[in-house]
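Since the structure comes first, as structure tokens, the remarks are kept for the end.
The values are calculated or read from the model by the stated rules, or taken from the named source; none is laboratory data. Quantities reported herein were computed from a predicted structural model and do not represent experimental measurements. Every residue, glycine among them, receives a Cβ derived from its backbone with ideal geometry; neighbour counts consider all protein chains shown.
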Amino acid sequence: MAIDVSRDQHIATVTLNRPEALNAFNSEELEALLSAFMWLREEPGLRCVILTGAGEKSFAAGADIKQMVDLDAQGGYAFGALGHAVANAIERLPQPVIAAVNGYAFGGGCELALACDMRICSENAVFAQPEVKLGIPPGWGGSQRLPRAVGPGMAAELILTGRNVRADEALRIGLVNAVYPIADLLPKARDLAAAIAANSPCAVRAAKAAMSRSFAGNPATGLDTELRLFGAAFATADQKEGMRAFVDKRTPEFV
Ligand code: DAK
């Protein structure tokens with residue numbers, strides 16, 4: 001199977017596992033990844049997801065160029081739509097998703113990392129949106145999500161030149177939150193996931209849902225969403241427990 005899913009208590013790890021093609025995605029992998037995320041959203045007790053690639057060389061080298069080479073416009077649209085469905089499923093997962101980028105994140109690989117809530121990477125990571133070098137524009141959301149992550153001017157430079165971004169630059173421009181030696185990447189991703197999972201699951205989901213609206217067109221819509229979710233949080237047991245624990249000077253226990 002090209003997509004591996006494992007679970008440790010509140011945290012799931014999804015591993016892209018097609019090392020012979022540097023974890024590039026063909027339709028089969030995309031379908032499997034979509035199924036995995038549709039399944040994860042219903043998993044009881046799941047609080048955080050880590051997305052990573054197998055091996056020490058590549059997170060994902062993008063869409064499968066060998067599969068795309070002969071596509072016509074209709075086939076290209078269908079392949080693009082499948083990539084969109086996967087990126088949207090990641091972005092819309094109620095639980096936060098951390099991309100642990102362990103090497104190349106090119107094209108669709110970079111775009112799936114961008115659909116995650118946050119990215120950390122290894123020292124050997126290299127990011128790029130090289131689609132323009134292949135005669136296509138980014139097709140899995142990179143034109144929308146990269147400007148959000150690094151600002152419109154830097155996104156324009158990266159998308160229009162297709163140049164590589166190494167880990168130190170990725171950190172500097174805000175594409176990743178932290179850079180680690182490759183051996184430390186997954187342990188650090190798990191630490192980050194555990195820090196999230198220790199918090200109120202209701203509040204974490206509400207915060208993710210509200211943040212997702214901050215880029216959904218009209219900022220007023222995002223602010224309205226934030227206000228609605230903030231009010232709704234006061235109807236949850238998590239809010240009662242979290243605030244009661246503070247008052248009682250103890251650690252909250254969220255169930
Ligand atoms: N697709 C298919 N196979 C790939 C691949 C890819 N993206 N990347 C690597 N491979 C395969 C290689 O062909 C090679 O296979 P064999 O020749 O051994 O059979 C194997 O993985 C190892 O690769 P290399 O031998 O090239 O390894 P190196 O270490 O020398 O180089 C590399 C690593 C990552 C620098 C290089 O492989 C590379 O440049 N790969 C291509 C990266 C790339 O350009 N990715 C972007 C793909 S385009 C849209 C829909 C979708 C998209 C856009 C629009 N619309 C509908 C509008 C998405 C676009 C993309 O993601």
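Name the pairs whose Cβ atoms lie under 9 Å apart, with the first residue in the range 239-255 and part of a helix (DSSP H, G or I), the second loosely packed, with under 14 Cβ neighbours inside 10 Å and of a type in the set (A, V, I, L, M), and 6 or more positions between them or separate chains?
Pairs found: E241/V255.
Filter the strands (runs of 3 or more DSSP E) completely within the range 1-106 down to those with at least 1 residues that are more than 16 Å from the chain's Cα centre (by Cα).
Those strands (runs of 3 or more DSSP E) span 3-8.
Is it true that some residue in the range 155-173 is within 15 Å of the chain's Cα centre (by Cα) and of a type outside the set (S, T, N, Q)?
No, that holds for no residue.
Of the numbered conditions (1) under 30 Å from A210 (Cβ atoms); (2) touching a strand residue (DSSP E or B) at 6+ places or on another chain (Cβ under 8 Å); (3) among the hydroxyl-bearing types (S, T, Y), S143 satisfies every one except a single condition; which is it?
Answer for S143: the failing condition is (2).
Is one or more of the residues making up the range 179-190 within 16 Å of the ligand (Cβ to nearest atom) and either within 22 Å of F215 (Cβ to Cβ) or not in a helix (DSSP H, G or I) (or both)?
no
For A100, state whether it is touching a Cys at 6+ places or on another chain (Cβ under 8 Å) and more than 7 Å from the ligand (Cβ to nearest atom).
yes
Per-residue answers, yes or no, for (1) at pLDDT 95 or above; (2) buried (at least 23 other Cβ atoms within 10 Å of the Cβ); (3) in contact with a His (Cβ under 6 Å, 6 or more places away or on another chain); (4) over 24 Å from S214 (Cα atoms):
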{"site": "L112", "(1), (2), (3), (4)": "yes, yes, no, no"}
{"site": "E123", "(1), (2), (3), (4)": "yes, no, no, yes"}
{"site": "G135", "(1), (2), (3), (4)": "no, no, no, yes"}
{"site": "D168", "(1), (2), (3), (4)": "yes, no, no, yes"}
